[in-house]
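Q: The structure is given below, and queries will be raised subsequently.
The values are calculated or read from the model by the stated rules, or taken from the named source; none is laboratory data. As the structure is a prediction and not an experimental result, all values here were calculated from the model. Here the Cβ is made from the backbone with ideal geometry for all residues, glycine too, and neighbour counts use every protein chain on show.
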Amino acid sequence: MTTCWRKQDGNIGNWTGLGLVPCAEPANNNDVVECCGTDSQCLGSGICYTPELNTDGGQSQFYMAGCSSETYADTDACKDMCTQFARSDVVYRSSDELWHCCGVGADGRATCSTPTDNTFNAAEPEALLAAYSSSLTASTSSSTIATSSSTTTSSATATATPSTSPTAAPSNNSSSLGTGAIAGIAVGAGVALLAGLLFWYTRRRMSASRKEHTGLDGFFQVPQTSPGTSPVASPAPPYEKNPGAEVGTDYPRQELPAAKPRQELSTGNLEERRFEMAG
């Protein structure tokens, strides 16, 4: 953890627990960085900025930063300006374009409205704030690009990894097809077999129905069990004329017996019959 120090009223004290934090993490233990408050912005040039600070009490929104060196030996990060006062407030005056140490009044408050003549050179507040905003935007963009690049790399790695893993070892049945391919082939074969069986069954039903309603000679026959209809016989086969054969049967001709001559009853017999009938 980086320790922050501040030189104030001529003394260097540990301000780590008093609200100062490093403006950036040191690249190594020997690097020295500036320190500002947790609610402040590090503007550089040893100046911190607190935008929410009320200035009605004579104090300024700007103050001198501390640093991570206990000895203040690093003059780039540890600015020695205004360290002789009990307060580190500073104010920029456009009349002379210089930064002034505010100093401290009898009541212990900063006197930034009537600053001291202790001055130092640094860029005006507007320029420092613009540089801070620019660096903040660049840092955010770099972080976004790095995150996007990391995500893309991870995605590409995750996508590329499966392409090499399936070749690790062959299956026990020496098949080059994967489980998914075998399952697909089995399902396809089952569907084809089912379709073939359905087609065969349909054709068989159609053939049976056709035989039921069709005679051997190709003429349609009404079913014998149809209600309200009389059976219709198949038409007789066409007559073929046989040369040399006579019309009718083939049995040999037989002559009819000759007619017997009529016999007339005699009168006596007739009278005899009548008498018998009368008796």
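Residue-wise test of (1) of a type in the set (Lys, Arg); (2) touching a Cys at 6+ places or on another chain (Cβ under 6 Å); (3) modelled with pLDDT of 95 or more; (4) surrounded by fewer than 16 Cβ atoms within 10 Å (Cβ to Cβ).
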| residue | (1), (2), (3), (4) |
| --- | --- |
| 15 | no, yes, no, no |
| 37 | no, no, no, no |
| 43 | no, no, yes, no |
| 49 | no, no, yes, no |
| 55 | no, no, no, yes |
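Q: Could you please find all residues in region 1-48 being in a strand (DSSP E or B), under 18 Å from residue 86 (Cβ atoms), touching a residue at least 60 places away in the same chain (Cβ under 8 Å) and not aromatic (Phe, Trp, Tyr)?
A: Residues satisfying the conditions are 6, 7, 8, 12.
Q: Let me ask you something else. Name the residues in region 90-129 that are within 20 Å of residue 36 (Cβ to Cβ), touching a residue at least 40 places away in the same chain (Cβ under 8 Å) and out of contact with any Leu (no Cβ under 9 Å at 6 or more places or on another chain), would you?
A: Hits for region 90-129 are 90, 99, 102, 110, 112.
Q: Then there is this: Can you find even one residue in region 73-95 that is assigned to a strand (DSSP E or B) and surrounded by fewer than 19 Cβ atoms within 10 Å (Cβ to Cβ)?
A: Yes.
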